Every structure is written in C-alpha cells, then in structure tokens.
Amino acid sequence: MKNSALLLFIILLSVPTFAQKECEYSINVKDSLGNYKSTKDYVIHERVFGNSQTSIFFSLIKADELYSLNMQMVQKSADFIAAKCFDKNSRIYLQLTNGKVITLVGIDQDTCGNSVFNNSETSRILSGYFIFTKDSFDDLKQYPISIMRIKYSGETTDYIAKSELISEVDKKTYNPDHFFMDYLKCIE
C-alpha cells in the first residue's frame, strides 16, 4: 500500500513537468548588436459574431534587457469598423486571481492601425508595444489573469481572461489566463 501511494505521489509531481509549454519564437537573434527574442503570437481574446471577427494576440519581447509585450488586435467585418487607437496614455491592466493589478505602460505611440480592404471585407490591424518591469514577473508567473483592461486613446475595454479558448479561426486551443505563467520563462 505504501509503495503504491509513493508511486502515485511521484507521478503527480512529474505531471507539471511534462505539461510545461515549450518556447516557440518568431525571432531569436543574438549577434554583436545584442539579443532580441520574440515569442510567437498567442490568442488572448477572440470574438466571432455574425460577419464580424475580433482577435487579440500577445507576444513577449526581450530586446537586450528591455522586456515588453506586443499586443495586436485584428478586426474583420463586412460592415464599418470603428478605429481603436493607442496614444502615449495607453495602458494594459492585468488583474490577477490574487487581486493584484499589474500595469503595462504603452511606448509613446500614436497609431490607429491600418485598414485593409479585400473584396467586400474590411480588416483593421492595430499593434502596440507595452513595457513592464521584471519585478512584476514573480506575480505574473504565479497567478492567472482574471481580467484584462485595455486603455485605448478614446475608450477603455475590459476582457475576461478565459481558462480555455478554442479558436473558431484556427481551431487551436489556448489558455489565455495562463499566458504569462506559461511563456515568461521564454524571455528571461
């Protein structure tokens, strides 16, 4: 009985080791100018309703010792798409399950993204870079995100972080609430 309990305990301890996410990079360069790493885009939010689609992607970036988050919003619709913009006051607020709020500060940028017209469909792509301190890594690595608030130049929008998101667009499964827990290790 003791041997089977010990075996079960060892198996349970090893499960998190096998379940860790692998680091996948879109860019990983180390040369005489410095180091630059960027993780692949990860779906944080997706909304498909009627003929409209909105997706928010995150990727983590380390440029030498500067840590940042690239946020990209892709909107598609046959109808008019109102522009969302970033300015010098834009922020991303991440409320964690422990109640703490982490603030990511936008890099001084004034952009409303780009519009692309394709037959009868319009696409709008908005990208922004947000800086966070390495000091916030400890909380981000330990606690899932519960709510994400994005402060655009003219509005603020809240997004609930899902524990599991099955994308209607690429049919893959994502865990937005664990994004930082799973991928911060890739840029440290």
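FYI, it's all coordinate maths here, none of it is from the lab. What you are looking at is a predicted structure, and each value in this text was computed from that prediction instead of being measured. Cβ coordinates were reconstructed from backbone atoms using ideal geometry, including for glycine residues, and neighbour counts include every protein chain displayed.
Here the Karplus relation 6.51 cos²θ - 1.76 cosθ + 1.60, evaluated at θ = phi - 60°, turns the backbone of the stretch 62-67 into coupling constants of 10, 10, 6, 10, 9, 9 Hz, with x for every Gly and Pro.
A cut-off of 5 Å between modelled amide H atoms, ignoring neighbours fewer than 5 places along the same chain, links residue 161 with 147, 148. Contact order for the stretch 117-185, expressed relative to its length and based on alpha carbon pairs under 8 Å spaced 6+ residues apart, stands at 27 percent. By how many degrees, 0 to 90 and rounded to 10, does the Cα axis of helix 2-19 deviate from the longest principal axis of the chain? The angle comes out at about 20 degrees. For the pair the stretch 116-183 and the stretch 42-79, the centres of their Cα atoms are 6 angstrom apart. Relative contact order of the stretch 24-99, taken over Cα pairs closer than 8 Å and 6 or more residues apart, is 21 percent.
Just checking the listed ones, 21, 172, 37: in the Gaussian network model of the chain with Cα springs under 10 Å, the one fluctuating most is 172.
All C-alpha pair distances within the chain, sorted into 5 Å bins from zero, spread as 1, 7, 13, 18, 18, 16, 10, 6, 4, 2, 2, 1, 1, 0 percent across the bins. Taking amide H atoms as placed 1.01 Å from N in the peptide plane, the amide H of residue 41 has no partner under 5 Å among residues 5 or more positions away or on other chains.
When shorter helices are ignored and each DSSP H run of at least 4 residues is given -39500 (n - 2.57), the per-residue value for the chain at 222 nm works out to -4500 deg cm²/dmol. For the chain, averaging the sequence separation of C-alpha pairs within contact (under 8 Å, six or more residues apart) and dividing by the residue count gives a relative contact order of 19 percent. Among 82, 63, 161, the largest mean-square fluctuation in a Gaussian network model of the chain (Cα springs under 10 Å) belongs to 82.
Could you sort 71-80, 25-34 so that the peptide with the highest average Cβ count within 10 Å comes first and the rest follow in order?
Working: 71-80: 16.2, 25-34: 10.4.
Sorting 71-80, 25-34 by mean packing, highest first, produces 71-80, 25-34.
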